[in-house]
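What follows is a single structure, written as structure tokens, with notes after it.
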Amino acid sequence: MCCYAQQQGLIVPFEKAYKRKYTITKVSGIRPVMDGRLDEDFWTENGEWSEDFVQVTPFERHPSESPTRAKLLYDDKYIYIGVWCKDVVPDRINQFIGNRDDNSMGDLISIAFDTYHDYWAAPEFNLNVGGNKTDLIVTDQLDINRSWNAVWEGRTHVDLEDSCWTAELRIPFSQLRYNQLTEEGIWGLHLRRILRRTNEVQNWSMIPLKNNGHVFSFGKMHGMTDLPKPKGIEIQPYVMGKFGKEPKIAGSPYQKGNSWNGDAGLDAKFALSDFTLDVTINPDFGQVELDPSVMNLTAFETFYDEKRPFFLEGKHILDYANNGDMMFYTRRIGAAPSYTPAVDNRHTFASTLENVPIIGTLKLTGTNRRGVTLGVMQSVTARSSAKVTTGNEESRMVVEPLTNYTVARVQKNWKGNTLLGGMVTSVNRDLNEPHLENYLVRNALTAGVNFTQYFMNRFYYIDLKAMVSSLHGSKEAITLLQMSPVHYYQRVSGESYLGVDPNRTSLNGTGGYARIGRKGNAKWTVAETFRWSSPGFDLNDVGYMKQSDNLAQETEIIFRDTDIWKIFRFNQLTFTQSN
């Protein structure tokens, strides 16, 4: 196919394969039956088919022997996507069937929308021939969040007589975030097909292997001018009850007999022009996927991915990371209690909650028409106690104080070439018990600023990020913090400039990085990075970090050749130097 295409001059010119345009059509009336077939009047009489997809691998910009086309329509509730996939070897179509969010097997198609057309992040929907569905959020830097889940439909149909398979998707507008009036009604659009048996990847609008931004390279979808308005209010209350019956044991001091208890709460969503306000009161996350079992033999905390739907929605807006350090780690809210009562497992026992109850959380997120992205979260967790049993006596010990968390993030985007933003977090604890006051920090404040500038069509860039932290508490609490594995002020290697100060009532520090480099459609890419964190820098009250007191420098030079060379599809040579 490669030689044939070259001889016939069929290689698609770069300007005709990159950043293609498609005009979506609005329809009304009868909606299609979701069966994976595209033979209904809904599909045959409305809209236009896209151009044939072009290969990205193995031969960039070459037409495929198994062509692909797509059609997109929408009405007042859904976006409809129909994809026709020819296959020259139809009996080898890979119809793998597996679990949701597992898109590593089977022939598949995917679609992603840059709904704000700000080149930052896009929801993506994948569907393979076997019916596996995957949904995720992908950013311009190819950071992927598979924990995000949406409610949508997708069906496929294999037609061996016509040597093809077809896919039909229906995505509710309620699962997407967008402005009512985007610039000229334009969304970013990315359509992809993967053929597993040959590892062939096709794009409707090509994202080059040597690209200068994933979402930045999306094609454009015009016609998104008459979009449905988000519902003003959505409320989902819940009520649950529990009845316990214990046998009576004569003379037992712990006899409880029959017991009743219950709980209630609600989730609510409010559409506020360009922003969305989410509220949860006394949430119940009982049906959320459990964390995997982990054996941690290190001194550092285990990191767990967020799985709670409330905290996943709009999560990328509140992301602010420096390598592995995060200013906001959502699992801090409603985590296990901070304090553990001292027990000897012989005469004294303690039972405590697995998670601290969340009294309520408010979250405002969205992007306005001027490219300003805002995320604000306010959460309050309850004062929690553990039951301590010593001999025949029972008592309660407070293991987590009433705590308030505040997180605010703002960022301005100028057409994907300039980003300027900042973030502030605050944790305030109501410490009235001496054992907690001597163990936990009372107030923790962190703040940061970020700036990214691209030059010359994104070939060159500067990326800067700086953060500061300030923690305040009792002498005992700050002493414990200095001696924690995050800081280790008592270590021998730090005697000349550290040392534990038992009289300190605060701990302050800074961190961040500076990076300059070259990337994009070039064989040589270069990046120079300097990263630091001072000894007193700490994000762990509402963020996540393993260690402070680091200075790091890294130089990376990469040679990439995406042209076929003998039996190799992709060749890369990387030089890395680090201190």
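Where only DSSP H runs of four or more residues are counted, the chain gives -1000 deg cm²/dmol as its mean residue ellipticity at 222 nm, each run worth -39500 (n - 2.57). Sorted largest first, the spans of the alpha carbon positions of the range 324-415 along the three principal axes are 68, 28, 14 Å.
Rounded to the nearest 20, the size of the Cβ-charge dipole of the chain about its Cα centre is 740 debye, with Lys and Arg at +1 and Asp and Glu at -1.
An ellipsoid equivalent to the range 79-137, defined through the eigenvalues of its Cα gyration tensor, has semi-axes of 25, 14, 8 Å when rounded to whole angstrom and sorted largest first. I'd like the distance between the alpha-carbon centres of the range 381-419 and the range 530-571, rounded to an integer number of Å. Each part's Cα centre sits 30 Å from the other's.
Counting only protein heavy atoms and using a 1.4 Å probe, the accessible area of Arg442 comes to about 80 Å².
The 3J(HN,Hα) values that the Karplus relation (6.51, -1.76, 1.60; θ = phi - 60°) gives for the range 116-121 are, in residue order, 8, 6, 10, 6, 10, 8 Hz. Gly and Pro appear as x. Dipole orientation for the range 355-401: of the candidates Val399, Asn368, Ala386, Asn368 has the Cα lying most toward the positive pole (charges on Cβ; Lys, Arg +1; Asp, Glu -1). Across the range 528-544, coupling constants 3J(HN,Hα) worked out from phi with the 6.51/-1.76/1.60 Karplus curve, θ = phi - 60°, read 10, 10, 10, 10, 8, 8, 7, x, x, 6, 8, 10, 6, 6, 9, x, 8 Hz, and Gly and Pro carry x.
The residue among Asn282, Tyr320, Phe310 whose Cα reaches farthest toward the positive pole of the charge dipole of the range 269-350, with charges on the beta-carbon of Lys, Arg, Asp and Glu, is Asn282.
Taking a probe of 1.4 Å, how large is the accessible area per residue of the chain, in Å²? Walk me through the intermediate numbers first.
Numbers: 28940 Å² over 579 residues.
Averaged over the residues of the chain, the accessible area is 50 Å².
I'd like to know how the chain sits against the 2.2 N^0.38 Å rule of thumb: what's its Cα Rg over that expected value? Relative to the 2.2 N^0.38 Å estimate, the chain comes out at 1.12.
When peptides 220-228, 531-539, 359-367 are ranked by their average number of other Cβ atoms within 10 Å per residue, the highest-first order is 531-539, 359-367, 220-228. When the charge dipole of the range 471-567 is built from unit charges on Cβ atoms (+1 for Lys and Arg, -1 for Asp and Glu) and taken about the Cα centre, the candidate among Ser548, Gly509, Gly520 whose Cα reaches farthest toward its positive end is Gly520. For the range 1-123, the Kirkwood radius over C-alpha pairs fed into Stokes-Einstein at 10 °C and 1.306 mPa s yields D = 93 µm² per second. Among the protein heavy atoms of the chain, carbon and sulfur supply 54% of the accessible surface, probe 1.4 Å, non-protein parts ignored. Within the shell of other residues whose beta carbon sits under 9 angstrom from the beta carbon of Trp524, the net charge comes to +3, with Lys and Arg scored +1 and Asp and Glu -1.
What GluC sites (Glu not before Pro) in the range 85-184 are in a loop by DSSP, with at most 11 other Cβ atoms within 10 Å of the Cβ?
Working: sites: Glu124, Glu153, Glu161, Glu168, Glu183, Glu184; in loops: Glu161.
Hits after loop and neighbour filter: Glu161.
In the range 262-310, which GluC sites (Glu not before Pro) fall in coil by DSSP and have 12 or fewer other Cβ atoms within 10 Å? Those that pass, being in a loop and sparsely packed, are Glu289.
Note on the range 462-516 and the range 9-76: Cα centroid distance 55 Å, given to the nearest whole angstrom. Structure note, pairs Lys133/Lys412; Lys133/Lys315; Lys26/Lys220; Lys307/Lys519; Lys315/Lys387; Lys387/Lys546: Cα-Cα distances above 27 angstrom occur for Lys133/Lys412; Lys307/Lys519; Lys315/Lys387; Lys387/Lys546.
The values are calculated or read from the model by the stated rules, or taken from the named source; none is laboratory data. Predicted, not measured: the structure shown is a model, and the values here were computed from it. Virtual Cβ from ideal backbone geometry, glycine too; neighbours counted across all protein chains shown. Surface areas here come from the heavy atoms of the whole protein model, side chains and all, with no ligands, DNA or RNA. Shrake-Rupley method; radii C 1.70, N 1.55, O 1.52, S 1.80 Å.
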